[in-house]
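Just below is one structure, and these are the notes that go with it.
A short reminder: the numbers here are calculations on the coordinates, not readings from a lab. Every value quoted in this text rests on a predicted model; they were computed, and no experiment measured them. Positions of Cβ are backbone-derived with ideal geometry, glycine not excepted, and every protein chain shown enters the neighbour counts.
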Amino acid sequence: MFPEQGPIGIFDSGYGGLTIFEKIAEALPAYDYIYLGDNARTPYGPRSFEVVYQFTRQAVHKLFEEGCQLVILACNTASAKALRTIQQQDLPHWDASKRVLGVIRPTIEYLDTISKTKHVGILGTIGTIASQSYELEIEKMYPHIQVSGEACPMWVPLVENKEYNSPGADYFIQQHINHILNIDPEIDTLVLGCTHYPLLKDKIANYISDKIQLFEQGDYVADRLIDYLHRHPEMDARLTKSGSRRFQTTESATKFAETASVFLNKEIEVEQVVIDNE
Ligand code: DGL
């Protein structure tokens with residue numbers, strides 16, 4: 001049995017989810033949080049459906065063991081490849097009162113308001129783009145929106161290796177931006193469909209016209225979470241609110257603390273954990 005009261009869990013394959021954590025914690029500061037990064041096994045982007053599902057499942061189970069009541073998959077790749085199976089197969093069997101939410105659905109909800117031309121581009125990992133999760137969800141919700149996807153496999157390594165401001169980054173950014181805008185020149189909204197990409201935003205902005213908007217997920221995911229908690233007071237009542245933040249990684253705690261300080265602009269304490277023995 002998992003604890004019946006506890007924090008909000010936020011999971012990512014590595015550091016990227018910190019861009020989502022930051023916005024959620026800013027919007028809901030009183031809540032307790034545990035952030036878990038599976039840095040030992042990142043990147044998830046190029047991995048198969050089955051592997052991303054197994055890794056994500058282990059991480060979510062670990063966060064429930066730690067007392068989390070609600071886990072946000074702050075990773076597009078995990079949301080695309082593992083969310084539905086965990087919701088439908090694992091939760092009923094583990095504990096039907098717990099919840100797991102992803103980042104793709106909350107992002108999509110805003111696209112119709114934001115895009116004027118109704119031509120949208122999704123920038124993501126190989127896994128997210130190959131899963132066609134954005135296309136399928138958008139087709140259900142807004143069939144009049146035309147969607148093009150672009151996999152940008154080098155962008156996560158650029159961020160993970162702190163090369164996102166280097167001249168080398170320009171080459172890979174320009175390559176993918178030019179490619180997607182050639183496929184559909186009417187695109188007016190580019191979704192940063194990977195939680196690492198906000199760190200590349202300034203550079204991406206150099207390769208697009210000012211008629212194109214870059215859509216960052218963090219604020220929208222936070223907004224949808226606030227709405228979710230209003231609609232689910234029974235979940236809200238189980239979430240503890242002492243303003244605590246814990247950071248966990250499956251790799252070196254020192255290394256995580258060092259890189260996380262770039263994402264969060266502050267020093268944090270980090271615990272190293274094992275998650276693959278569920
Ligand atoms: N940050 C993850 C996402 O949003 C991807 C990083 C990875 O490839 O592990 O898709």
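Spatial offset of region 133-191 relative to region 69-96 amounts to 25 Å, using the alpha carbon center of each. What the phi angles of region 116-130 give under the Karplus curve with 6.51, -1.76 and 1.60, with θ = phi - 60°, is a coupling list of 8, 7, 6, 10, 10, x, 10, 9, x, 6, 4, x, 5, 5, 5 Hz, glycine and proline written as x. Rounded to the nearest Hz, the phi-derived 3J(HN,Hα) couplings of region 7-17 under the Karplus curve 6.51 cos²θ - 1.76 cosθ + 1.60 (θ = phi - 60°) are x, 8, x, 10, 10, 9, 5, x, 8, x, x, where x marks glycine and proline. In order along region 188-197, the Karplus-derived 3J(HN,Hα) couplings, from 6.51 cos²θ - 1.76 cosθ + 1.60 at θ = phi - 60°, round to 10, 9, 10, 7, 7, x, 8, 5, 7, 5 Hz, and Gly and Pro are given as x.
Ratio of Rg to Rh for the chain: 0.95 [Cα atoms; Kirkwood radius as inverse mean 1/r over pairs]. Taking the convex hull of the alpha carbon positions in region 12-164 and averaging its projected area over all directions gives 9.8 nm².
Ordering Ile34, Ile183 by the number of other Cβ atoms within 10 Å of each residue's own Cβ, fewest first, gives Ile183, Ile34. Between the amide H of Val100 and those of Val71, distances stay under 5 Å, these residues lying 5 or more places away or on another chain, with hydrogens modeled in the peptide plane. Treating each Cα of region 92-197 as an identical point scatterer and ignoring solvent, apply the Debye formula and state log10 I(q)/I(0) at q = 0.11, 0.15, 0.25 Å⁻¹. So the normalised log intensities are -0.40, -0.68, -1.36.
Backbone amide hydrogens, once placed in the peptide plane, bring Ile8 within less than 5 Å of Asp32, Tyr33, Ile34, excluding anything fewer than 5 places away on its chain.
For the chain, a crude dipole built from +1 on the beta carbon of Lys and Arg and -1 on the beta carbon of Asp and Glu, taken about the Cα centre, is about 180 debye to the nearest 20. From the alpha carbon centroid of region 213-278 to that of region 1-38 is 2 Å.
Farthest toward the positive end of the dipole of region 142-249, out of Pro167, His230, Thr195, is the Cα of His230, where the dipole comes from beta carbon charges about the Cα centre. A viscosity of 1.306 mPa s and a temperature of 10 °C, combined with the Kirkwood radius over Cα pairs in Stokes-Einstein, give a translational diffusion coefficient for region 122-173 of 129 µm²/s. In the chain, the longest principal axis of the Cα atoms and the axis of helix 49-65 are about 40 degrees apart. Below 15 angstrom from the Cβ of Ala205, what's the summed charge of the other residues (Lys, Arg +1; Asp, Glu -1)? The answer is -2.
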